[in-house]
Amino acid sequence: TLNDGYNAIQVGYGNVSPKSLTQPQLGHLQKSNIQPLKYLKEFRVSDPNNFNVGQVLNVESFVAGQLINVTGKSIGKGFSGLQKRHNFARGPMTHGSKNHRAPGSIGMGTSPGRVLPGKKMAGQ
């Protein structure tokens, strides 16, 4: 578009009740005579004239064997330990060991006296 300096289309999905959207969101969709949608995403395209307002995009738009770019988010795992995060082995479970899921040693002693950068540790 001329305002933003690049060409893009807005794709919406997920029909919802008009009560669940704000007035500015409803007005934006009503300007194009489109039913209330939960998600609106913008995708850059080289020529937006290939698309019409209100056009339905589905798998019939693609040709068999055509390559497409797909992005997504994986589900969050929270704060995870070393077994889940880095596939570390666990410690012995018997003979009085109390090192079941602990990380073990994290480096040398007095020299260098610090944990080296890049050490795999528990975290998010």
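The values are calculated or read from the model by the stated rules, or taken from the named source; none is laboratory data. As the structure is a prediction and not an experimental result, all values here were calculated from the model. Ideal geometry is used to build each Cβ from the backbone, glycine not excepted, and the neighbour counts take in all protein chains shown. Just so you know, the surface numbers come from the protein's heavy atoms only, side chains and all, with ligands and any DNA or RNA stripped out. Shrake-Rupley method; radii C 1.70, N 1.55, O 1.52, S 1.80 Å.
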Would you kindly derive the ³J(HN,Hα) couplings of region 24-36 from the backbone phi angles with the Karplus curve 6.51 cos²θ - 1.76 cosθ + 1.60 (θ = phi - 60°), listing them in order in whole Hz, with x for Gly and Pro?
-> x, 5, 5, x, 4, 6, 5, 4, 9, 6, 10, 5, x
First compute the accessible area of region 58-124 with a 1.4 Å probe, then give the percent of it belonging to carbon and sulfur atoms.
-> 57
Output ³J(HN,Hα) for region 109-117: one whole-Hz value per residue in order, computed from phi by the Karplus curve 6.51 cos²θ - 1.76 cosθ + 1.60 with θ = phi - 60°, and x for Gly and Pro.
-> x, 4, 10, x, x, 7, 8, 5, x
Percent relative contact order of the chain, based on C-alpha pairs within less than 8 angstrom and at least six residues apart?
-> 20
How much accessible area per residue does the chain have, in Å², with a 1.4 Å probe?
-> 88
Answer rounded, prolate or oblate for region 1-79, using the Cα gyration tensor with square roots of eigenvalues a ≥ b ≥ c: rounded when a/c is under 1.5, else prolate when a/b is larger than b/c, else oblate.
-> oblate
For residue 41, the lysines lying under 29 Å Cα to Cα, once residues fewer than eight places off in the same chain are dropped, come out as 19, 31, 73, 77
Around residue 8, which amide H atoms from residues at least 5 apart in sequence, or from another chain, sit under 5 Å from its own amide H, with H modelled in the peptide plane?
-> 45
Which order, highest average first, do 107-118, 69-80, 45-56 follow once you tally other Cβ atoms within 10 Å for each residue and take the mean per peptide?
-> 45-56, 107-118, 69-80
Mean-position separation - Cα centroids, region 1-24 and region 52-124, in angstrom | 34
Karplus-derived HN-Hα couplings along region 78-91 (A = 6.51, B = -1.76, C = 1.60, θ = phi - 60°), whole Hz, x at Gly and Pro = x, 7, 10, x, 6, 5, 7, 7, 10, 6, 5, 7, 8, x
